[in-house]
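Engineer: Got a structure for you, written out below as structure tokens; questions coming shortly.
Since every read-out is calculated from the coordinates, none of them should be taken as a lab result. Quick caveat: nothing in here was measured; it's all calculated off a predicted structure. Heads up, the Cβs are rebuilt from the backbone with ideal geometry, glycines too, and the neighbour counts pull from every protein chain shown.
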Amino acid sequence: MVGDKGFKKFLVICIFLLPNFIGFIFFIGVPILASFGLSFTEWDLISNPSWIGIEHYKALLGDEEFRSAMFHTFYFIAGYLPLVMSGALGIALVLNKKIRGRVFFRAAYFVPVITSWVAVSLIWKWLFNPTYGLINYGLSLIGVSGPAWLHDPTWAMPAIILTSVWKDLGFVMVIYLAGLQGISPTYYEAADIDGASAWQKFRNITLPLLNSTTFFVLIISLINSFQVFDQVMIMTEGGPAGSTTVLVQQIYKHAFDYYEMGYASAISWVLFFIIFGVTLVQMKLQKRWVDYGN
Amino acid sequence: MKKWMGMVALLVMVMMVAAGCSSETSQGDDGKVELDYFTFSPGEAHEKDLKKMIEEFEKQNPNITINYEMAAFEDYFTKLQTRLAGGDAPDTFELNYENFVNYASKGALMDLDNLIQEDSDFSSDQLNQEAFKAFQYNGKQYGMVESFSNVVLFYNKDLFDEAGVDYPTADWTWEDELAAAQKITNKEEGVYGTYAPIQFWEFYKTIAQNGGSVFNEDMTKATVNSEANIEALQWMVDKVNKYNVTPSEEELSGQSNGDLFKAGKIAMLRTGIWMFDGFKDTDFEWDIALEPGKTQKAHHFFANGLAVSKDTEHAEAAWKWVKFMSASEEAAQIRIDNAWELPAVSNEELVQDYLEQTPPESRQVVFDALDSLVVPPVIEEWNKLTDAFSKELDLVKLGDKTPEEALNDLQPKVQDLIDK
């Protein structure tokens with residue numbers, strides 16, 4: 001039993017939590033529950049929702065567009081994750097050293113993170129312009145005639161991956177930097193005395209001690225990349241010929257272009273369970289390789 | 001236990017606060033009516049003209065006040081749909097022809113037939129008949145046309161003169177167009193003979209110029225992969241890949257065809273009459289003509305109209321407003337004076353004002369094109385239809401599919417969309 005005093009304290013805490021809690025209930029909690037219910041209905045926003053059971057989920061199995069959106073999303077992740085993680089780690093390693101202008105470089109790599117996706121997407125769209133773009137101009141200087149990038153189904157997704165890596169590199173880098181600074185210099189000193197090479201130090205000290213950081217980055221980046229949307233919407237709208245359609249864009253399409261709220265909700269929940277499943281697996285696996293030290 | 005009860009109490013409180021905020025009604029006393037009007041077509045450029053129309057209407061109907069709200073076209077239909085879903089439908093709102101069918105079929109619109117019959121001041125011959133009938137669904141009038149626009153052939157006279165080619169005339173066919181385009185095209189200077197985009201809207205019109213269509217007459221069968229359609233799509237692609245008289249996507253690299261025409265790089269451009277204003281200050285002479293066809297003429301026709309929500313409490317006032325925007329001379333005059341699309345009124349004096357403005361010199365073509373208009377092949381699943389076509393036409397444009405393959409692949413998909 002909680003005493004009178006305890007209850008008062010509880011009330012005070014509640015009052016402070018209330019504003020955030022109300023926002024959560026109405027703008028996140030209720031819509032989430034509603035979308036689950038709606039995923040079993042047919043609803044065009046105008047007429048009343050009608051119950052159809054798991055028909056939407058069945059239909060998803062045979063939906064070609066959904067399958068290709070799923071494939072493109074995994075394609076995106078397969079390109080994006082390794083690049084952003086290894087790139088960010090590399091930069092963090094360099095910028096962790098006492099080099100000249102490292103504060104400037106750290107800031108420079110972080111600027112894209114705080115830039116809006118709309119601005120970034122538009123600028124990269126120009127950079128990727130096949131005739132006037134800076135990228136193909138650069139390629140032409142070394143004798144390569146660049147592809148049509150966003151106009152070419154083969155190259156549109158790589159272009160979007162590159163843009164996303166560029167934008168998110170700074171964020172991951174900052175987390176790695178924090179991780180690196182948490183490693184005590186005494187390990188390196190001891191290794192130096194033992195005559196370890198730079199690679200041996202990286203392989204046997206830095207990487208293992210960064211495990212928990214890597215795990216965090218992996219989870220966050222994976223969840224984010226399943227939800228890739230803004231850059232696709234602005235740079236290609238899923239084109240050319242549907243070669244860059246992704247899951248969240250399918251949700252948007254069904255909800256706000258086709259007015260199929262039920263179907264859109266069903267895709268959202270499938271996406272949720274995929275992310276949930278993948279994260280769960282990682283949580284289980286972390287015991288095998290992640291070491292939080294003391 | 002107590003903790004749990006605390007949470008419940010909190011939730012109840014939250015609910016009560018929320019309930020207190022909703023449900024307020026605004027009813028005018030003394031017979032005054034406030035009417036909502038939701039619209040996309042004015043944009044920034046014509047908001048002042050809309051205000052003028054409202055002012056004029058309120059002068060004629062002192063007991064009605066119009067509260068207008070604007071949204072950009074990209075957001076408009078999402079917002080409208082959301083308001084309808086929330087039970088907060090505007091009394092009157094704008095619909096373009098493509099979306100009209102969707103809303104009418106879902107029963108969101110008020111049937112205007114009774115109001116029209118009771119109104120002795122209104123007769124449908126005040127309006128262009130084709131445009132008026134466009135807003136009927138299952139034989140009932142669910143909307144009133146307010147304006148229309150169409151697409152014609154714009155041509156750069158200077159480029160024609162330089163190449164020594166005669167200007168396009170009304171009896172030109174695709175062959176004449178091609179012959180002229182081949183003479184004018186000059187790749188070294190980046191000048192192209194003719195341009196039409198490869199996308200769905202251009203497709204359904206171009207096939208009509210060859211006697212084809214997307215659906216059969218009563219919209220029960222898809223006729224996507226007919227001979228005529230394949231031939232027409234082949235022609236669209238050939239202009240780019242075979243004859244090189246039209247710039248490819250790569251050659252355009254993000255420039256709009258309108259900009260290219262303005263820069264004097266395209267001799268013939270199929271585009272909308274809404275470009276008249278944009279092309280006003282070019283440093284070359286240009287004019288318009290009917291589009292060349294293959295077996296017959298066909299021209300795009302786009303219309304906007306006003307509809308009344310079936311839930312409005314002010315049906316009569318709403319009808320007055322809708323009628324004013326659609327058929328009144330005052331609204332039409334404001335439109336013409338400000339080059340804000342074309343009013344669909346049949347009044348010839350008003351039309352005369354429009355014809356006298358230049359450029360282009362041959363403005364009469366805008367009305368001549370109405371004799372061979374083709375409306376968008378609208379079905380309830382319109383957005384899915386356009387998406388399906390966009391994807392396949394992209395593949396054709398890229399050369400990954402032949403026109404025949406693409407249309408064969410589309411045929412069953414489109415049939416599915418109307419069978420639903």
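Engineer: Output the relative contact order of chain B, whole-number percent, from Cα pairs under 8 angstrom with separation of 6+ residues. Walk me through the numbers on the way to the answer.
Structural biologist: On the way: 641 pairs, mean separation 102.4, N = 420.
This gives 24 percent for chain B.
Engineer: What size of dipole, in debye to the nearest 20, comes out for the protein assembly as shown about its Cα centre when the only charges are +1 on Lys and Arg C-beta atoms and -1 on Asp and Glu C-beta atoms? Mind dumping the intermediate values first?
Structural biologist: Numbers: 54 positive and 94 negative charges, 1159 e Å.
Roughly 5560 debye, rounded to the nearest 20.
Engineer: Do any GluC sites (Glu not before Pro) in segment B:120-228 lie in a loop, going by DSSP, with at most 10 other beta-carbon atoms within 10 Å of their beta carbon, and if so which? Don't skip to the answer; put the middle values down first.
Structural biologist: On the way: sites: B:GLU130, B:GLU146, B:GLU162, B:GLU175, B:GLU177, B:GLU188, B:GLU189, B:GLU202, B:GLU217, B:GLU227; in loops: B:GLU217.
Those that pass, being in a loop and sparsely packed, are B:GLU217.
Engineer: Continuing with the same structure: Which value does Rg/Rh take for segment A:175-294 over its C-alpha atoms, Rh per Kirkwood? Walk me through the intermediate numbers first.
Structural biologist: On the way: Rg = 21.1 Å, Rh = 17.7 Å.
We get a ratio of 1.20 for segment A:175-294.
Engineer: In nm², what is the average projected area of the convex hull enclosing the Cα atoms of segment B:328-420?
Structural biologist: Values: hull surface 37.5 nm².
The directionally averaged projection comes out at 9.4 nm².
Engineer: Continuing with the same structure: According to the Cα gyration tensor, what semi-axes, each the square root of 5 times an eigenvalue, does the equivalent ellipsoid of segment B:275-379 have, listed from largest to smallest in whole Å?
Structural biologist: Numbers: eigenvalues 181, 77, 30 Å².
Computed over segment B:275-379, the values are 30, 20, 12 Å.
Engineer: If you don't mind, there's one more thing I want to ask. Would you calculate the volume per residue, in Å³, of the smallest convex hull containing every Cα atom of segment A:13-65?
Structural biologist: Taking only Cα atoms, segment A:13-65 has a hull volume of 127 Å³ per residue.
Engineer: Compute the Rg/Rh shape ratio of the protein assembly as shown: radius of gyration over Kirkwood radius, all on alpha-carbon atoms. Write out the running numbers ahead of the final one.
Structural biologist: On the way: Rg = 30.8 Å, Rh = 30.0 Å.
Ratio value, two decimals: 1.03.
Engineer: Got a sec to turn the phi values of segment B:377-391 into Karplus ³J(HN,Hα) couplings, 6.51 cos²θ - 1.76 cosθ + 1.60 with θ = phi - 60°, whole Hz, x for Gly and Pro?
Structural biologist: Result, ordered by residue: x, 6, 10, 4, 8, 4, 5, 5, 4, 5, 5, 4, 5, 4, 5 Hz.
Engineer: OK, next. Treat the count of other C-beta atoms within 10 Å as a stand-in for reagent exposure and order B:ASP49, B:ASP125 from fewest to most. Don't skip to the end; give the middle numbers.
Structural biologist: Details: B:ASP49 17, B:ASP125 10.
Fewest to most other Cβ atoms nearby, the residues stand as B:ASP125, B:ASP49.
Engineer: Name the residues whose placed amide hydrogens come within less than 5 Å of the amide hydrogen of B:PHE301, ignoring near sequence neighbours (fewer than 5 apart) on the same chain.
Structural biologist: Long-range HN contacts for B:PHE301: B:VAL374.
Engineer: When Cβ neighbours within 10 Å are restricted to other protein chains, what is their mean count per residue of peptide B:78-91?
Structural biologist: Counting Cβ atoms of other protein chains within 10 Å of each residue's Cβ and averaging gives 2.
Engineer: Sticking with this structure for a sec: Given H placed on each backbone N at 1.01 Å, which residues far from B:VAL345 in sequence or on other chains put an amide H within less than 5 Å of it?
Structural biologist: B:ASN128
Engineer: So what is the relative contact order for segment A:57-289, in percent, with contacts set as C-alpha pairs under 8 Å and at least six apart? Present the calculation step by step, with values, prior to reporting the outcome.
Structural biologist: Details: 235 pairs, mean separation 64.0, N = 233.
Contact order relative to length: 27 percent.
Engineer: OK, next. Let a ≥ b ≥ c be the square roots of the eigenvalues of the Cα gyration tensor of segment A:57-289; is it rounded (a/c under 1.5), or, if not, prolate (a/b larger than b/c) or oblate? Numbers along the way, then the final one.
Structural biologist: Details: a/c = 2.53, a/b = 1.43, b/c = 1.76.
In terms of gyration-tensor shape, oblate.
Engineer: Between rounded, prolate and oblate, where does segment A:1-134 land on the alpha carbon gyration tensor, with a ≥ b ≥ c its root eigenvalues, rounded for a/c under 1.5, else prolate if a/b exceeds b/c?
Structural biologist: Cα axes put segment A:1-134 in the oblate bin.
Engineer: What number comes out for the charge environment of B:LYS323, summing +1 per Lys or Arg and -1 per Asp or Glu over other residues with Cβ under 9 Å away?
Structural biologist: Numbers: positive: B:LYS320; negative: B:ASP119, B:ASP121.
Overall, the nearby charge balance is -1.
Engineer: Now a separate question. Would you please name the trypsin sites (Lys or Arg not before Pro) within segment A:30-123 that are DSSP coil residues with at most 15 other C-beta atoms within 10 Å of their C-beta? It would help to have the intermediate numbers written out before the result.
Structural biologist: Working: sites: A:LYS58, A:ARG67, A:LYS97, A:LYS98, A:ARG100, A:ARG102, A:ARG106; in loops: A:LYS97, A:LYS98, A:ARG100.
Within segment A:30-123, the qualifying trypsin sites (Lys or Arg not before Pro) (loop, at most 15 other Cβ atoms within 10 Å) are A:LYS97, A:LYS98, A:ARG100.
Engineer: Let me know the charge dipole size of chain B about its Cα centre in debye, to the nearest 20, where only the beta-carbon of Lys, Arg (+1) and Asp, Glu (-1) is charged.
Structural biologist: Numbers: 36 positive and 77 negative charges, 314 e Å.
Once rounded to the nearest 20, the dipole reads 1500 debye.
Engineer: For the pair B:ASP337 and B:GLU250, what calculated FRET efficiency results from E = 1/(1 + (r/R0)^6), where r is the Cβ-Cβ distance and R0 = 30 Å, to the nearest 0.05? Intermediate results must be reported in sequence, preceding the final value.
Structural biologist: On the way: r = 42 Å, r/R0 = 1.41.
In this case the efficiency is close to 0.10.
Engineer: Say the dipole of segment A:57-289 comes from +1 at the beta carbon of Lys and Arg and -1 at that of Asp and Glu; which of A:ASN136, A:VAL84, A:GLN250 then lies farthest toward its positive end?
Structural biologist: A:VAL84
Engineer: Let me ask something else. Apply the a/c threshold of 1.5 to the C-alpha gyration tensor of segment B:87-201 and tell me whether it is rounded, prolate or oblate.
Structural biologist: Numbers: a/c = 3.94, a/b = 2.63, b/c = 1.50.
It comes out prolate by the Cα gyration axes.
Engineer: Go through A:PRO31, B:TYR192, B:ASN138 and say which Cα lies farthest out towards the positive end of the charge dipole of the protein assembly as shown; charges sit on Cβ, +1 for Lys and Arg, -1 for Asp and Glu.
Structural biologist: A:PRO31
Engineer: Now for a separate question. Loop-only check: which trypsin sites (Lys or Arg not before Pro) in segment B:27-86 are DSSP coil with at most 13 other Cβ within 10 angstrom? Each step should come with its number before you reach the end.
Structural biologist: Values: sites: B:LYS32, B:LYS48, B:LYS51, B:LYS52, B:LYS59, B:LYS79, B:ARG83; in loops: B:LYS32.
Hits after loop and neighbour filter: B:LYS32.
Engineer: Under 8 Å for C-alpha pairs, at least 6 residues apart: give me the relative contact order for segment A:122-245, rounded to a whole percent. Before the final figure, lay out the partial values.
Structural biologist: Numbers: 92 pairs, mean separation 36.0, N = 124.
Relative contact order comes out at 29 percent.
Engineer: If the elastic network links every pair of Cα atoms under 10 Å, which of A:ASP257, A:ASP168, A:ASP194 fluctuates the most in the Gaussian network model of chain A?
Structural biologist: Highest fluctuation among the options: A:ASP194.
Engineer: So who's got an amide H within less than 5 Å of the one on A:GLY239, skipping anything under 5 residues away but keeping other chains? H placed 1.01 Å off N, in plane.
Structural biologist: A:THR244
Engineer: Counting only other chains, and only Cβ atoms inside 10 Å, what mean value do you get across the residues of A:254-264?
Structural biologist: Values: counts 2, 2, 6, 7, 5, 7, 2, 2, 0, 0, 0.
Mean partner-chain Cβ count within 10 Å for A:254-264: 3.
Engineer: Another question, then. To the nearest 500 deg cm²/dmol, what mean residue ellipticity at 222 nm is calculated for chain A from DSSP H runs of n ≥ 4 alone, each contributing -39,500 (n - 2.57), summed and divided by the residues?
Structural biologist: Values: 14 runs with 200 residues, N = 294.
Computed mean residue ellipticity for chain A: -22000 deg cm²/dmol.
Engineer: For segment B:237-245, what does the Karplus curve 6.51 cos²θ - 1.76 cosθ + 1.60, with θ = phi - 60°, yield as ³J(HN,Hα) per residue in whole Hz, taken in order and with x for Gly and Pro?
Structural biologist: Here the 3J(HN,Hα) series is 6, 4, 4, 8, 8, 8, 8, 6, 9 Hz.
Engineer: Going from the alpha-carbon gyration tensor of chain B, what semi-axes, largest first and in whole Å, does one get by taking the root of 5 times each eigenvalue? Please list the in-between numbers first.
Structural biologist: Numbers: eigenvalues 365, 161, 88 Å².
They are 43, 28, 21 Å, listed largest first.
Engineer: List, in the order given, every pair from B:LYS79/B:LYS391; B:LYS221/B:LYS420; A:LYS125/B:LYS280 whose Cα-Cα distance in the structure shown is over 20 Å. Kindly include the intermediate steps, with their values, before the conclusion.
Structural biologist: Values: B:LYS79/B:LYS391 26 Å; B:LYS221/B:LYS420 12 Å; A:LYS125/B:LYS280 30 Å.
Over 20 Å Cα-Cα: B:LYS79/B:LYS391; A:LYS125/B:LYS280.
Engineer: How shielded is B:381-391 by partner chains, expressed as the average number of their Cβ atoms within 10 Å of its Cβ atoms? Don't skip to the answer; put the middle values down first.
Structural biologist: Numbers: counts 2, 2, 6, 6, 0, 1, 7, 2, 0, 6, 8.
Average neighbour count from other chains, rounded to a whole number: 4.
Engineer: If you don't mind, another one. Using each residue's phi in segment A:25-31, evaluate 6.51 cos²θ - 1.76 cosθ + 1.60 at θ = phi - 60° and report the 3J(HN,Hα) Karplus result to the nearest Hz, with x for Gly and Pro.
Structural biologist: 4, 7, 9, 10, x, 4, x
Engineer: Now for a separate question. Which of the pairs B:LYS106/B:LYS397; B:LYS48/B:LYS320; A:LYS97/A:LYS167; B:LYS133/B:LYS397; B:LYS140/B:LYS323; B:LYS59/B:LYS323 have their Cα atoms more than 26 Å apart in this structure?
Structural biologist: Values: B:LYS106/B:LYS397 35 Å; B:LYS48/B:LYS320 21 Å; A:LYS97/A:LYS167 23 Å; B:LYS133/B:LYS397 35 Å; B:LYS140/B:LYS323 16 Å; B:LYS59/B:LYS323 15 Å.
Pairs exceeding the cut-off: B:LYS106/B:LYS397; B:LYS133/B:LYS397.
Engineer: Compute the long axis of helix B:2-21 from its Cα atoms, compare it with the longest principal axis of the Cα atoms of chain B, and write down the angle in degrees, 0 to 90, nearest 10.
Structural biologist: Roughly 70 degrees, rounded to the nearest 10.
Engineer: Taking chain B as a Gaussian network, Cα atoms linked when under 10 Å apart, which of B:ALA289, B:ALA72, B:ALA298 shows the biggest mean-square fluctuation?
Structural biologist: The residue with the greatest mean-square fluctuation here is B:ALA72.
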